[in-house]
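Just so you know, all these numbers are worked out from the coordinates, no wet-lab data involved. All values derive from a computational prediction rather than experimental measurement. Backbone-built Cβ (ideal geometry, glycine too); neighbour counts: all protein chains shown.
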Amino acid sequence: MDSSSIRPALIGLSGRLMLLTLGFIMLAEVLILLPAVANFRNNWLTDRIAAAQTAALVLEAAPPEAISDRLIAQVLDSVDAHSISMKIGGVRRLLATTDVPPSLSGDYDIRTAGMVTAIAASFQTMFSQGDSLIRVRGPAPMGGEFIDVVMNEQPLRLTMWRFAGNFLILSLLISSIAGALVYASLSALIVKPVKRLADSISSFGHEAEHGRTVIIPSGRRDELGIAEQKLAEMQKALKKELKQREHLASLGLAVAKINHDLRNLLSSAHLLSDRIASVPDPTVQRLAPKLIRALDRAVGFCQATLAFGKAQELPPTPRKFELATLVTDVRDLLALDEDAPIRFLVDIPEPMQINADPEQLLRVLLNLSRNAIEAMLTHQGKGDLMIRARRHSGSIDIEVADTGPGVPAEGRERLFQPFSGSNRVGSTGLGLAIAADLMRVQGGTIALVDSPGGACFRVTLPA
Ligand SMILES: Nc1ncnc2c1ncn2[C@@H]1O[C@H](COP(=O)(O)OP(=O)(O)O)[C@@H](O)[C@H]1O
Ligand SMILES: [Mg+2]
């Protein structure tokens, strides 16, 4: 998929994590809120019971003639209660009342209530409506069994809502701070480095012209640091590879151009040699046909390579031919006359029909022969070049042997790989690589074989 088709999300990674943190903390706070509200309610009621106990003590201690309706009203008002009753020694005593309590909407005993009951009661209180009355029972003073306070539920409800509201505001504050801290640390620790990685990857892909930039690892030692390190290594390798490819591509173009114009020049040479062939001189008459055939070959070769347009060798077009004829062609192309310093020897025992691509085999033998002649000429200035052939049950061996210095020991294992030639001027190290390629496409092999004086290369063709 094209990377540009991915639209970045509206809320990035850190934003999402911040919202999640906020959500999770809020959830935890709500879970804490329920028991907290229940506890708050319990404390509030306990305070009321304590106030009622004090009021009961006051009324108990006062002389009966001093207890007026006004005092009762004052006492009840101070506790904010409707009535207070107490049970002492099996007798229930109504200590004070303004009027007969109407029906009650709740009845709670704070002495026995567990957490679950308390939470349920809290819900009941918070979601009750209007100004109904509840009765709350608690421990009584002076060895009494219990004390009952009937009171309005509304004040309790209001304070509980206030408490819950404050609690939620505080929770929101805490979770916002935590979320912001998570956001800040995540962006610094993870999101920024990840973004740097992503930016480096995408810019590396786009910067073809102005040299691709490799990420510089920040040196951190965690997983992201390792990722940076690996990315840098990968980008370096890729950069090298791409450079090599660009180099090869331009090389290929150069070769095609050379090939194209070379063919034109060869065609001109061909025309000229056609005209030379009409000169009646006997030497010219002997050499001209060879020259023309050599130029024909060269033009044909250029044309075929250009048409194929690839660095690989063309697939072979095998046909039956006489090996001795091909070897004569090789000799002609090498221009080795009787008086040349190199003697050209042929050892083909019988008429030998071969089924192969003659042009390709000729190029192989020509490459091997040229190497041998070059080696002998530079070393001794003379020598023998021998081409010999032997037929075996399933194959034919053709050897090109010389009496030169032999192949130098160093670089022997890379002999058939491209650009592995010697340092001598004009050496490309391509000749043997081409020969090996040509043999491979024909299903044959090429090898350097041990030989006492000089070098010997053997090509083997399937019969
Ligand atoms: N017959 C030979 N005798 C000595 N050295 C040889 C012979 N053939 C090949 N070599 C060595 O192998 C190298 C590679 O040969 P080749 O692939 O044809 O490349 P090039 O001829 O361009 O150097 C030569 O440079 C030479 O050192
Ligand atoms: Mg060569």
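List of remarks:
- Model label points for E350 and D222, set 7 angstrom from Cα along the Cα-to-Cβ axis, are 8.1 nm apart.
- For region 316-462, alpha-carbon Rg relative to the globular expectation (2.2 N^0.38 Å, N residues): 1.00
- Tensor-based shape of region 83-164 (alpha-carbon gyration tensor, a/c under 1.5 rounded, otherwise prolate or oblate): oblate
- Across region 222-231, coupling constants 3J(HN,Hα) worked out from phi with the 6.51/-1.76/1.60 Karplus curve, θ = phi - 60°, read 8, 4, 5, x, 5, 4, 4, 4, 5, 4 Hz, and Gly and Pro carry x.
- Chymotrypsin sites (Phe, Trp or Tyr not before Pro) lying in DSSP loop within region 280-357, provided at most 15 other Cβ fall within 10 Å: none
- Scalar couplings 3J(HN,Hα) for region 269-285, obtained by applying the Karplus form with A = 6.51, B = -1.76, C = 1.60 to θ = phi - 60°, are 4, 4, 4, 4, 5, 4, 6, 4, 4, 7, 6, x, 4, x, 5, 4, 4 Hz; x denotes Gly and Pro.
- Taking only the C-alpha atoms of region 177-274, the Rg (one decimal) and the largest Cα-Cα distance, Dmax (whole number), read 25.3, 96 Å.
- Sorted fewest first by neighbouring Cβ atoms within 10 angstrom, L368, L133, L323 come out as L133, L323, L368.
- A cut-off of 5 Å between modelled amide H atoms, ignoring neighbours fewer than 5 places along the same chain, links A140 with F146, I147.
- Segment I201-D332, length gained on full extension (0.36 nm per residue, minus Cα span): 41.2 nm
- Packing rank of 332-340, 146-154, where each peptide gets the mean count of other beta carbons within 10 Å, highest leading: 146-154, 332-340
- Taking a ≥ b ≥ c as the square roots of the eigenvalues of the Cα gyration tensor, region 8-178 is classed as prolate, since a/c reaches at least 1.5 and a/b is larger than b/c.
- Each Lys and Arg Cβ is given +1 and each Asp and Glu Cβ -1; about its Cα centre, the chain then shows a dipole of about 480 debye.
- Vicinal HN-Hα couplings computed from phi for region 26-40 (Karplus, 6.51 cos²θ - 1.76 cosθ + 1.60; Hz; Gly/Pro x): 4, 4, 4, 5, 5, 5, 6, 4, 4, x, 5, 5, 4, 5, 4
- Pairs of Cα atoms in region 121-252 fall into 5 Å distance bins, from 0 up to the last occupied one, in shares of 2, 8, 10, 10, 7, 7, 6, 5, 5, 4, 4, 5, 5, 5, 5, 4, 3, 2, 2, 1, 1, 0, 0 percent.
- DSSP-loop trypsin sites (Lys or Arg not before Pro) across region 185-246, with at most 15 other Cβ within 10 angstrom: R220, R221
- When each of the peptides 405-415, 155-165 is scored by how many other beta carbons lie within 10 Å of its residues on average, the order from highest to lowest is 155-165, 405-415.
- Net length gained if the chain between A277 and S78 were fully extended (0.36 nm per residue, minus Cα distance): 57.5 nm
- Square roots of 5 times each gyration tensor eigenvalue, C-alpha, the chain, largest first, Å: 116, 22, 18
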